[in-house]
Amino acid sequence: MSLKSIVAIVALLASSVAFAHSFKIGSLEIEHPHARATTAGQTNGAAYMQIENNGKTDDKLIAASSPAATSVEIHSMSMEGDVMKMRAVEGLEIKAGAQVSMKPGEGYHIMLLGLKKPLQAGDKLPMMLTFSKAGKVKIVVHVSDKEAHAKPSENKDGMNNHDHHNH
Ligand SMILES: [Cu+2]
């Protein structure tokens, strides 16, 4: 293999790592934290990410904060009948060797309550996550267009219930 192609591969790896935008603390890896843009008048937003625990001990996400919102909570979502309900939880366990995915419409998300201003595509929100064992880590949440991550099956119903949910 020529030196030139090795350089090209290294450059490619570096750019894909930058694109993946992940953060590390101890044996935890936080991957692709993102949020959807909000509409005018919408006071709450939600952030999603994957958290991977490559260590040998369980850990727990116990708090989150961001200057972009008055308060930040860890929420779980579940269907009750045909209504999507969400509630604040005290923590989100990330077991040793496991990965937790937060995504729209199911499971867990990080709720941004009382947004200081609407989230716009391209915004980068600083956020601090606190884990019971690994400690605190600063991450950056990328805001993408409302439709960017939407699947056809994930239309108005699910997420709008979520957006308009009263806290
Ligand atoms: Cu929520």
> Among the residues of the stretch 38-54, is there at least one that is surrounded by 11 or more Cβ atoms within 10 Å (Cβ to Cβ), touching a Phe, Trp or Tyr at 6+ places or on another chain (Cβ under 8 Å) and at pLDDT 95 or above?
Replying inline: no
> Residues in the stretch 92-99: is at least one part of a loop (DSSP other than H, G, I, E, B), at positive phi, in contact with a Gly (Cβ under 9 Å, 6 or more places away or on another chain) and at pLDDT below 95?
Replying inline: no
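Restricting to the stretch 42-75, name every residue that is within 16 Å of the ligand (Cβ to nearest atom) and hydrophobic (A, V, I, L, M, F, W, C).
46, 47, 49, 61, 63, 64, 68, 69, 72, 74
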>> Checking residue 78 against (1) part of a strand (DSSP E or B); (2) within 14 Å of the ligand (Cβ to nearest atom); (3) crowded, with 16+ Cβ neighbours inside 10 Å, only one condition comes out false. Which one?
In response: (3)
>> Of everything in the stretch 32-65, what is under 15 Å from residue 143 (Cβ atoms), in contact with a strand residue (DSSP E or B) (Cβ under 9 Å, 6 or more places away or on another chain) and of a type in the set (Gly, Ala, Ser)? Give them in sequence order.
In response: 35, 37, 45, 46, 47
>> Can you pull out every residue in the stretch 124-141 that is within 14 Å of the chain's Cα centre (by Cα) and either within 15 Å of residue 48 (Cβ to Cβ) or of a type outside the set (Val, Ile, Thr) (or both)?
In response: 124, 125, 126, 127, 128, 129, 138, 139, 140, 141
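The values are calculated or read from the model by the stated rules, or taken from the named source; none is laboratory data. Being a predicted model, the structure only gives us computed values, none of them experimental. Glycine also receives a Cβ, built like all others from the backbone with ideal geometry; neighbour counts cover every protein chain displayed.
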